[in-house]
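> Take a look at the following structure, please.
Since every read-out is calculated from the coordinates, none of them should be taken as a lab result. Everything quoted here is computed from the prediction, not taken from an experiment. For neighbour counting, all protein chains shown are included, and Cβ atoms are generated from backbone atoms with ideal geometry for every residue, glycine included.
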Amino acid sequence: MSRRSGILEFAVLGLLRESPMHGYELRKRLNTSLGIFRAFSYGTLYPCLKTLVANGWLIEEPGSAPEEALAASLAGRRAKIVYRLTADGKEHFEDLLSQTGPDAWEDEHFAARFAFFGQTEREVRMRVLEGRRSRLEERLEKMSASLARTRERLDDYTLELQRHGMESVEREVRWLNELIESERAGRDQRESGQQSPAVQRDGAPNSTTGTNSGTSSTTNSTTGDEGGLPRLRGTSGGSPPKAPGQPDPSEDTTT
């Protein structure tokens, strides 16, 4: 299985854990909720669904009332099929959620993992965030060293593009630092059994809390951990900065 196929299977299982869906709705959710799947087509999605069904992780169910299914059959149309997560599929997804190895730190896989952090244990979230930060810090060191070596051979525009790539990675590292700080604050609060003010950024209260509440009101429905993310600096609407897809000066092709 390719890494990209594995990411798609992970995302499909995660979305279907929330509720059963038919293929069109599932593809729409993949495109809108997880932008990394914008380029995926039905020709990619349905083989993935068939594989998950064959593995016993999903089941197919009629998506319409019996009379509607009959009408579709008489009209020569294919009745809608709804995909539902099985008990084995749920167990498999929870096993995937618990994994914190290097694959979880890579660009696309990290984006998919982060999308399901609400269903992930706090300690697992911490390990993934710290691993991602470590990976980006290594990338920054390579980019900086490469830029220092090639600076004199680059024109102004190429140099500016590489600086932009470095700034994007630096922004994501700062974002990760804030997330890790927030997770640690929540853990310390839980262990001490005391309430503490919500984590603030730029003088504003945590966006998941009310103005009269001292702690986050968001609760992880699966793990029971208190959630809530800090209000982030340097991002638009609280979205993470996009390091994936930025130029990497460490891949020096200049001759």
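> Which of rounded, prolate or oblate describes segment 75-165 when judged by the alpha-carbon gyration tensor and an a/c cut-off of 1.5?
oblate
> Then there is this: Could you tell me the calculated FRET efficiency between Lys142 and Glu18, based on Cβ-Cβ distance and R0 = 35 angstrom, to the nearest 0.05?
Here the calculated transfer efficiency is 0.35.
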